[in-house]
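Okay, structure first, notes after.
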Amino acid sequence: PVAEPIVPVAEPVASVVELVTEPQEKSCVPLMNFKANALQVLALNANLGVEFRITPWLSLDILGTYSPYDYFRPDRKFRVLAVQPELRYWFGESLVRGHFIGVHAPVAGFNVQVDDEFRYQDPNRASWGVGVSYGYALPLGKSEKWGVEFTIGFGYLNVVYDIYEGCHNGK
């Protein structure tokens, strides 16, 4: 019997080399984002949010709001301390771009006075609620380190309050 010569095939090796030397795209999805609510900033409410990626499709967004202010006069108050955690399901790239839906549960304490007559305050019990939201995140710039998020939501908020006369330590 005549042995057939073994001919080395270089083509698969060349393919492997090509795959190794070609630049590979690497997705740089952040694990956490810091954010602020622009509408609350316009209303002079200090707020800061943080969002954590749990899985590629889920994230936890937590927004805190604090407003200790009298607006231009002592009888105009909008004092609020609130937090709103929200669990989000992303249809796009979480925390960066795409559509999402969420379920949120706000909790807030308040002391509000908008006229000279009455002041509205929680009776040592926080207001709480539940709701749903829909949103879209859009990255800005080439580096995509900045972005804007548009969100709309609705839900239920259980608010219990006491009414006081609109003067210092009003009854």
Open item on the list: Can you tell me the length gained on complete extension of the stretch TYR156 to ALA43, counting 0.36 nm per residue apart and subtracting the Cα distance?
Closed with: 38.5 nm
Task: Rounded to whole Hz, the Karplus (6.51, -1.76, 1.60) HN-Hα couplings of segment 147-154, x for glycine and proline - done: x, 10, 10, 10, 9, 10, x, 8
TODO: Could you look at segment 37-92 and say what percent of its accessible area is carbon and sulfur, using a 1.4 Å probe and all protein chains?
DONE: 74 percent
- [ ] Enter the accessible area per residue of segment 103-171 (Å², integer; probe 1.4 Å; all protein chains in place).
- [x] 71 Å²
TODO: Can you tell me how much longer the chain between PHE72 and LYS145 gets when fully stretched, taken as 0.36 nm per residue apart minus their C-alpha distance, in nm with one decimal?
DONE: 22.6 nm
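Take the Cβ-Cβ distance between ILE163 and LYS35 as r, set R0 to 25 Å, and report the resulting FRET efficiency rounded to the nearest 0.05. Don't skip to the answer; put the middle values down first.
Numbers: r = 35 Å, r/R0 = 1.40.
My answer for the efficiency is 0.10.
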Open item on the list: Could you give each residue of segment 108-118 its phi-based ³J(HN,Hα) in whole Hz, using Karplus coefficients 6.51, -1.76, 1.60 with θ = phi - 60°, and x for Gly or Pro?
Closed with: 8, x, 8, 8, 10, 9, 10, 9, 7, 8, 10
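The values are calculated or read from the model by the stated rules, or taken from the named source; none is laboratory data. Please read these numbers as outputs of a predicted model, since none were measured by experiment. Counting neighbours? That spans all protein chains shown, and the Cβs are built from the backbone with ideal geometry, glycine included. With ligands, DNA and RNA removed, areas are computed over all heavy atoms of the protein, side chains included. Shrake-Rupley method; radii C 1.70, N 1.55, O 1.52, S 1.80 Å.
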